[in-house]
Amino acid sequence: ADHELILAIETSCDETSVAVVKGGRHILSNVVSSQIETHKRFGGVVPEIASRKHVETITLMMEQAVQESGHRLDEMSAIAVTQGPGLVGALLVGIVAAKSLAMALDVPLIGTHHIAGHIYANALIYELQYPCLALVVSGGHTELVVLEREGSFRIIGRTRDDAVGEAYDKVARALQFPYPGGPHIDRLAQSAEEAITLPRAWLEPDSYDFSFSGLKSAVLAAINQAKMKGEELDRSALARGFQESVIDVLMEKAIRAAKQFGARQLLLCGGVAANGGLRAALTARCEAEGVPLLIPPLSLCTDNAAMIAAAAHLKWKSGECTTLDMKADPGLSL
Ligand code: KG4
Ligand code: ZN
């Protein structure tokens, strides 16, 4: 019964991506053009440049995604697009493209939440069982989300300052690694023989919120102190201390929440799901606690349009479409 083709567009940050997904779970194409090389020399994503790059690339991505899908553009049943959150200028490019397609083809437009996309990336691979808990960790997000049933999202915790990936990138920058620095810190940490103990921000005893800016400051302070004293810094021990602190807090809170909300599965989503230390620690802990852990393949963890199609499919099923006057919403709530 599920044969509808959703063409989805994702341009919320620095990846221009278009996908065609059949029946909400079969990926026919998922093309991604990353702007990392462009932003690298600035040490982070420059919003104005991101928008311009999306404009340059979006048409080609749409053509490629349709061609690779083996279908014609006029066979698409609906057009989905990330409405927010994200960089407003970047979101706008995808939204204008999506509206034009929806209008030209006379098919529904489905505005989609970026985090719903990260979570439903799992549905492209696994059979989800409810209630489940999603730990969303990326460059822009750190959230714990309870899904009581399909398509219902309740954010029970989020970062009060830096996102995890953001903290990784800032620490990496201080250690002179190129952007994005997360993978470099991960590698360095895993090569370390010892760890420098750093603080863990548990916040209030019952809180599921996170805070990583204090930890980041502690790392920067250690780097400065070594510099001032003229001592050699044990970079790998520092990276490992940072990584252990991050993983400890993420894991403890996720496991506590999984138990409290009776989660039948724990979903790890977002670009930081690539972190080797986090995957290993969560895998072992979830096994010990008897909570199945789902981690999509890396290509579906980082920003991509197939995950947007998967989330949009839920709205499609319930007939929740968006009108053509829909606007980009950088602060869209889940
Ligand atoms: O999901 P994503 O591709 O983009 C956002 O929506 O933000 O996540 C990118 C983030 C970057 O901050 C990057 O440094 C981080 O994920 N990241 C990692 C690793 N691989 C990517 N952080 C820690 N360890 C990794 N192995
Ligand atoms: Zn993302």
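The values are calculated or read from the model by the stated rules, or taken from the named source; none is laboratory data. Note that this is a predicted model, so its numbers are computed, not measured. Reconstructed Cβ throughout: ideal geometry from the backbone, glycine too, with neighbour counts over all protein chains shown.
You will find that of 48, 68, the residue that is closer than 30 Å to residue 142 by Cα and among the acidic types (Asp, Glu) is 48 and no other. Please verify whether residue 94 is on the phi < 0 side of the Ramachandran plot, assigned by TED's automatic domain parsing to the domain that holds residue 258 and touching a residue at least 40 places away in the same chain (Cβ under 8 Å), treating the condition exactly as stated. Against the criterion (on the phi < 0 side of the Ramachandran plot, assigned by TED's automatic domain parsing to the domain that holds residue 258 and touching a residue at least 40 places away in the same chain (Cβ under 8 Å)), residue 94 does not qualify. Among residues of segment 112-140 being out of contact with any helix residue (DSSP H, G or I) (no Cβ under 8 Å at 6 or more places or on another chain) and away from ligand 1 (no atom under 16 Å from the Cβ), the one that is nearest to residue 255 (Cα to Cα) is 132.
When you look at residue 298, is it crowded, with 22+ Cβ neighbours inside 10 Å and either more than 15 Å from the chain's Cα centre (by Cα) or within 16 Å of ligand 1 (Cβ to nearest atom) (or both), yes or no? No. Does segment 99-115 include one or more residues that are under 26 Å from residue 22 (Cβ atoms) and outside the structural domain of residue 26 (by TED's automatic domain parsing)? Scanning segment 99-115 turns up no residue that is under 26 Å from residue 22 (Cβ atoms) and outside the structural domain of residue 26 (by TED's automatic domain parsing). Checking 120, 168, 130 one by one, the residue that is out of contact with any Phe, Trp or Tyr (no Cβ under 9 Å at 6 or more places or on another chain) and within 15 Å of ligand 2 (Cβ to nearest atom) is 120 and no other.
Count, please, the residues in segment 293-306 that happen to be over 22 Å from residue 34 (Cα atoms) and either touching a residue at least 60 places away in the same chain (Cβ under 8 Å) or of a type in the set (Ser, Thr, Tyr) (or both). Residues in segment 293-306 being over 22 Å from residue 34 (Cα atoms) and either touching a residue at least 60 places away in the same chain (Cβ under 8 Å) or of a type in the set (Ser, Thr, Tyr) (or both): 1 in total.
None of 6, 36, 27 is more than 14 Å from ligand 2 (Cβ to nearest atom), surrounded by fewer than 24 Cβ atoms within 10 Å (Cβ to Cβ) and among the aliphatic types (A, V, I, L, M) except 27.
Of all the criteria given as (1) under 28 Å from residue 45 (Cβ atoms); (2) touching a Phe, Trp or Tyr at 6+ places or on another chain (Cβ under 9 Å); (3) without any contact (Cβ under 8 Å) to a residue 60 or more places away in the chain; (4) not hydroxyl-bearing (Ser, Thr, Tyr), the one not satisfied by residue 196 is (1).
Only a single criterion out of (1) more than 14 Å from ligand 1 (Cβ to nearest atom); (2) on the phi > 0 side of the Ramachandran plot is not satisfied by residue 270, namely (1). Can you find even one residue in segment 209-217 that is touching a strand residue (DSSP E or B) at 6+ places or on another chain (Cβ under 6 Å) and surrounded by fewer than 20 Cβ atoms within 10 Å (Cβ to Cβ)? Taking every residue of segment 209-217 in turn, at least one turns out to be touching a strand residue (DSSP E or B) at 6+ places or on another chain (Cβ under 6 Å) and surrounded by fewer than 20 Cβ atoms within 10 Å (Cβ to Cβ). For segment 156-194, a residue qualifies if it is assigned to a strand (DSSP E or B), within 30 Å of residue 316 (Cβ to Cβ) and within 16 Å of ligand 1 (Cβ to nearest atom), and exactly one does: 158. If the condition is being of a type in the set (A, V, I, L, M) and within 17 Å of residue 251 (Cα to Cα), then segment 146-161 contributes 146, 155, 156. Scanning segment 278-308 for residues that are touching a Lys or Arg at 6+ places or on another chain (Cβ under 9 Å) and within 16 Å of ligand 2 (Cβ to nearest atom) gives a single hit, 295. Report yes if residue 252 is away from ligand 1 (no atom under 15 Å from the Cβ) and modelled with pLDDT of 95 or more, otherwise no. Spelling it out, residue 252 is indeed away from ligand 1 (no atom under 15 Å from the Cβ) and modelled with pLDDT of 95 or more. Scanning segment 14-24 for residues that are buried (at least 24 other Cβ atoms within 10 Å of the Cβ) and within 14 Å of ligand 1 (Cβ to nearest atom) turns up 14, 16, 17.
Applying the set (1) part of a strand (DSSP E or B); (2) surrounded by fewer than 21 Cβ atoms within 10 Å (Cβ to Cβ) to residue 112 leaves exactly one unmet item: (2).
For residue 195, the criteria (1) of a type in the set (A, V, I, L, M, F, W, C); (2) surrounded by fewer than 19 Cβ atoms within 10 Å (Cβ to Cβ); (3) within 16 Å of ligand 2 (Cβ to nearest atom) hold in every case but one, which is (3). Summed over segment 207-233, the residues that are modelled with pLDDT of 95 or more and of a type in the set (Asp, Glu) give a count of 1.
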